[in-house]
Amino acid sequence: MEGAEGPWPSAGKATGPIPGTVRPEADVFPRFDEPLFEAVRRAHPTKIALQVPAGLVRNAHDLAAELRRAVDRPVVVVSRACFGACDFPAPDEVPGADALVVLGHSPIPNVPRWAPTYFVEMRYPPGEAEPLAELLVQQDLPKRLGLVASVQHLDLVEPLVRAAADRGFELRTGAGDRRLAYAAQALGCNYTGAESIADSVAGFLFLGTGRFHPIGLALAVDRRVWSLDPLQGTLEPPLDRASIVADRFRTIARAMDAKRFGVLVSSFAGQHRGGLASALVEKARRRGREAEILVFARLDPADLVGRDLDAYVNTACPRIAIDDAALYPRPMLTPPEFLSAIGELPLEPYRFDTYH
Ligand code: SF4
């Protein structure tokens with residue numbers, strides 16, 4: 001199967017931007033600078049709420065001061081932790097604000113917004129692609145790979161595809177669903193761009209830092225995932241997917257005899273799957289189990305302590321169950337894992353909880 005947007009650039013053939021890497025919306029900015037300020041000015045906001053991810057908290061107040069000076073409007077900083085474009089502040093969190101500036105994330109196109117919202121992706125300059133492509137040669141990677149990048153490194157995708165093509169590699173991106181702003185983008189709950197080309201590649205290359213996305217990508221596509229870190233200039237071998245899946249199977253097994261489940265539902269605009277939660281409750285009851293819906297905005301493990309519930313299924317961010325399982329007092333499942341635990345789905349193959 002060929003990728004949806006082929007043909008792909010090869011040595012000496014410049015074909016323009018790589019599909020899945022072009023900025024899709026007028027309210028998305030690569031950096032925190034004048035084009036953003038000008039767009040915010042044009043909206044004539046009364047008050048602006050600024051949301052910054054954990055990695056930028058140290059700079060939050062300098063950035064707020066800069067925005068205030070540039071736009072000449074009051075700015076409030078949203079202090080609760082945020083993890084994605086899924087959990088931008090709700091109106092009652094930022095009283096009086098009528099514009100939002102969200103740093104460090106690209107938009108999730110199918111999440112509705114209640115006010116003009118400006119996403120500042122904080123992209124790194126593309127840097128040197130040639131030494132990174134050389135690592136593919138040195139470590140003898142398969143010649144045809146899928147490519148997925150964290151949003152901060154999307155500007156490096158095109159130079160990397162070309163540098164890899166010069167060395168005989170074909171790096172592909174696919175076509176994702178409407179939760180992805182860019183098909184080549186890594187979003188911790190949705191790798192549909194990668195899934196669309198998984199049958200046509202020998203493995204995947206993740207361009208970015210850390211293990212969060214390689215874990216999610218490997219679970220979603222069931223392929224080897226190499227991690228290419230453009231900041232360190234390193235190429236890491238694939239992580240051990242089988243042991244991660246085995247951990248998940250153990251958690252599912254612990255929940256199989258649960259009599260009463262808590263079904264967790266977040267009120268965040270981009271994490272709210274109330275319909276799914278109701279459907280899961282129905283399925284649990286049809287299988288002779290009890291199930292209660294618990295609602296929250298941001299889930300705090302302390303809120304689950306002391307409850308007379310045997311296990312949980314989480315319909316909010318899929319990564320809570322996978323990455324934070326150790327923080328919770330009872331087994332925490334994703335919806336597909338829950339369906340396996342109550343006998344609605346076979347245990348294998350392991351199914352990633354893709355949030356569409
Ligand atoms: S739901 Fe989770 S993985 Fe998806 S964007 Fe939000 S924080 Fe990231």
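Please treat every number below as a calculation from the coordinates, not as lab data. Keep in mind the model is a prediction, meaning the values are calculated, not measured. Here the Cβ positions follow ideal geometry from the backbone for every residue, glycine too, while neighbour counts run over all protein chains shown.
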| query | Using unit Cβ charges (K, R positive; D, E negative) and no other charged atoms, how large, in debye to the nearest 20, is the dipole of the chain about its Cα centre? | reply | 680 debye
| At q = 0.09, 0.12 Å⁻¹, what base-10 log of I(q)/I(0) does the Debye formula yield for the chain when every alpha carbon is treated as an equal point scatterer in vacuo? | -0.55, -0.94
| field | Farthest toward positive dipole pole in the chain [+1 Lys/Arg, -1 Asp/Glu at C-beta], among 94, 77, 216 | value | 94
| query | To the nearest 0.05, what FRET efficiency results for residue 267 and residue 66 with a Förster distance of 25 Å applied to their C-beta separation? | reply | 0.20
| query | Restricting to region 130-239, what percent of DSSP beta bridges are antiparallel, rounded to 5? | reply | 25 percent
| said: Less than 11 Å Cβ to Cβ from residue 251, Lys/Arg counted +1 and Asp/Glu -1: what total charge do the surrounding residues give? | reply: +2
| remark: Quick note, region 130-239: a/c under 1.5 would make it rounded; otherwise a/b > b/c is prolate and the rest oblate (a ≥ b ≥ c, C-alpha gyration tensor); here it is rounded
| Using r as the Cβ-Cβ distance of residue 57 and residue 344, and R0 as 56 Å, what FRET efficiency do you calculate, to the nearest 0.05? | 0.85
| Share of alpha-carbon pairs per 5 Å distance bin for region 182-239, given as whole % | 4, 21, 33, 26, 12, 3, 0
| Exactly which trypsin sites (Lys or Arg not before Pro) in region 141-239 are in a DSSP loop and have at most 15 other Cβ atoms within 10 Å? | 143, 167, 178, 211
| query | Which residues' amide hydrogens lie under 5 Å from the amide hydrogen of residue 144, considering only partners 5 or more residues apart or on another chain, with H built in the peptide plane? | reply | 170, 202
| message | Within 15 Å, Cβ to Cβ, of residue 305, how many net charges do the neighbouring residues add up to if Lys/Arg are +1 and Asp/Glu are -1? | response | -3
| task | Obtain the nm distance between the two label points defined at residue 323 and residue 42 by a simple spin-label model: each point lies 7 Å from its Cα along the Cα-to-C-beta direction. | result | 3.4 nm
| Other-chain or far-sequence residues with amide H under 5 Å of residue 99's (modelled H) | 47, 49
| remark: Taking every other residue with Cβ under 11 Å from the Cβ of residue 146 and scoring Lys and Arg +1, Asp and Glu -1, one gets +1
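Run through region 70-171 and list the GluC sites (Glu not before Pro) located in a DSSP loop whose Cβ has at most 14 other Cβ atoms within 10 Å.
Of the GluC sites (Glu not before Pro), the ones in loops of region 70-171 whose Cβ has at most 14 other Cβ atoms within 10 Å are 128.
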| task | Please report how far the C-alpha centroid of region 312-356 lies from that of region 123-196, rounded to the nearest whole angstrom. | result | 28 Å
| remark: Listed with the fewest Cβ neighbours within 10 Å leading, 122, 256 appear as 256, 122
| said: Quick check on the chain: of the DSSP beta bridges with both residues there, what percent are antiparallel, nearest 5%? | reply: 10 percent
| query | Any idea what log10 I(q)/I(0) is at q = 0.12, 0.13, 0.19, 0.23 Å⁻¹ for region 259-349, Debye with uniform C-alpha scatterers and no solvent? | reply | -0.32, -0.37, -0.83, -1.23
